[in-house]
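Reading through the structure tokens given below for one structure.
Throughout, read-outs are computed from the coordinates displayed, never taken from laboratory work. If you're wondering where the values come from, they're calculated on a predicted model, not measured in any experiment. We place every Cβ from the backbone using ideal geometry, glycine too, and count neighbours over all the protein chains shown.
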Amino acid sequence: MINYFLASLIVIGAVLAIAAGTAGILTAYGMGQIPFLILLVMSLLGFSYNLKLIPDWFPKQPKYRRIKDIPGSKTILIAVAWGIVSAVFPSFEKMGGLDLSVFLTFFWATHFVYVRTSFFDVLDMQGDRNVGKQTLPILMGEKRTLRVLKRFLLNSAAKQVLASASGIFNFLGFALAICPLLMLCVILANEKELMLPGIHLEFLIESHFILAGIITLVWSILA
């Protein structure tokens with residue numbers, strides 16, 4: 001009974017994933033050739049993540065035969081994918097192209113998601129070691145990784161403030177600068193052991209994305 005239930009969940013998940021991917025590609029096609037090609041490449045990278053790109057008969061076998069074998073590749077790909085979907089695609093829909101504000105938004109979203117995913121990798125270091133995963137925190141070390149993540153958050157907040165002050169963004173940029181600063185506070189609290197790993201900590205990290213959406217929604221209504 002349990003096996004049947006798990007198999008049903010796997011099938012349902014696979015169907016939903018295929019349906020969502022197809023809908024995304026069709027939506028991107030409606031935006032234009034460039035969004036369609038970008039999403040198509042992203043989808044192909046996702047499908048080939050676990051596949052051996054170098055066949056067994058190849059005489060010189062490289063160290064990394066799959067995208068999965070590259071340390072930190074999953075974290076980077078997830079962050080870039082979020083940046084493209086949340087910043088690049090809407091610009092083609094609304095403006096028909098790219099400008100400086102789009103690039104800054106892309107880097108803000110990418111850094112934000114990268115910090116979130118890398119921080120979870122730090123929390124899961126022991127489990128990743130046990131299964132042989134080569135994440136960036138395992139290669140760089142916990143302290144060095146956290147230093148990089150904190151710098152990313154500070155740079156992200158500073159870019160938002162400077163871009164808003166220079167007129168590239170409107171006042172919304174000042175408000176969104178709060179999100180990386182709050183995430184920085186959560187990471188610092190975890191470093192000082194004021195907040196231990198667990199569901200509560202993970203919820204607080206994830207809630208910053210919801211906060212960013214709420215801030216943007218309120219701004220759009222008031223504006």
Of the chymotrypsin sites (Phe, Trp or Tyr not before Pro) in segment 134-223, which ones lie in a loop per DSSP and count no more than 13 other C-beta atoms within 10 Å?
-> F171
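Could you give the alpha-carbon Rg of segment 98-223 over 2.2 N^0.38 Å, rounded to two decimals?
Working: Rg = 15.8 Å, N = 126, 2.2 N^0.38 = 13.8 Å.
Cα-based Rg divided by the globular estimate yields 1.15.
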Excluding residues fewer than 8 positions from K68 in its own chain, the lysines with Cα under 18 Å of it are K52, K133
Could you tell me which of rounded, prolate or oblate describes the chain, using a ≥ b ≥ c as the square roots of the eigenvalues of the alpha-carbon gyration tensor, with rounded for a/c under 1.5 and, failing that, prolate when a/b is larger than b/c and oblate otherwise?
-> oblate
Mind listing the phi-derived Karplus ³J(HN,Hα) values for segment 184-197, rounded to whole Hz, using 6.51, -1.76 and 1.60 with θ = phi - 60°, and x for any glycine or proline?
-> 4, 4, 5, 5, 5, 5, 5, 4, 7, 6, 7, 9, 7, x
Selected from S73, I168, A87, residue furthest toward positive end of dipole (the chain; charges at beta carbon) | S73
